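Asks: Can you read through this structure? Questions will come right after.
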Amino acid sequence: MAKAIWNGKVIAESNNYEIVERNIYFPVESVKKEYLTNSTMHTVCPWKGTASYYNVVVDGQVNKNAAWFYDKPSDAAKNIKGHIAFWRGVKIED
């Protein structure tokens, strides 16, 4: 089972996930949304499309733009639609 952990809290966990470019993408239903707040950040990947971000918030501590997702991924990345990945200090255990 893969887990995303930050500030001592499990943010996401699932046996059913996708790995793309060494990143684990968790199904959205396996992510604890109470730890996410919207971010205005967006980036563009040449082959996946436009990524949107969430801040991860645990016990009042904010990890800005630490989660990302592709709302409308390209056909080449359609397997990560409905998934969220983490970085910026969020520990991933698998």
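Here is a yes/no grid of residues against (1) at pLDDT below 95; (2) over 10 Å from the mean Cα position of the chain (by Cα); (3) among the β-branched types (V, I, T):
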site	(1), (2), (3)
N15	no, yes, no
E18	no, yes, no
N23	no, no, no
V28	no, no, yes
V31	no, no, yes
Y35	no, yes, no
T40	no, yes, yes
P46	no, yes, no
T50	no, yes, yes
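Asks: Being within 12 Å of the chain's Cα centre (by Cα) and closer than 25 Å to M1 by Cα is the requirement here; does V57 meet it?
Replies: Here the answer is no, as V57 does not meet what is asked.
Asks: Determine which member of the set K33, K48 is free of Cβ contacts under 8 Å to residues at least 40 places away in the same chain and exposed (fewer than 13 other Cβ atoms within 10 Å of the Cβ).
Replies: After applying the criteria, what remains is K33.
Asks: Follow-up question, since we're still on this one. For N65, are the conditions met, namely being surrounded by 13 or more Cβ atoms within 10 Å (Cβ to Cβ) and either acidic (D, E) or in a strand (DSSP E or B) (or both)?
Replies: Criteria met by N65.
Asks: Please verify whether the stretch 82-90 includes one or more residues that are at negative phi and of a type in the set (D, E, K, R).
Replies: No, because not a single residue in the stretch 82-90 is at negative phi and of a type in the set (D, E, K, R).
Asks: A follow-up question, please. Could you tell me whether the stretch 74-91 includes any residue that is in contact (Cβ under 8 Å) with a residue 12 or more places away in the chain, in a helix (DSSP H, G or I) and not aliphatic (A, V, I, L, M)?
Replies: yes
Asks: Can you tell me which residues in the stretch 2-30 are touching a Ser or Thr at 6+ places or on another chain (Cβ under 7 Å), closer than 16 Å to V90 by Cα, surrounded by fewer than 19 Cβ atoms within 10 Å (Cβ to Cβ) and touching a residue at least 40 places away in the same chain (Cβ under 8 Å)?
Replies: A2
The values are calculated or read from the model by the stated rules, or taken from the named source; none is laboratory data. Predicted model only: the values in this text are computed from it and were never measured. All Cβ positions, even for glycine, are placed from backbone atoms using ideal geometry, and neighbour counts span all protein chains on display.
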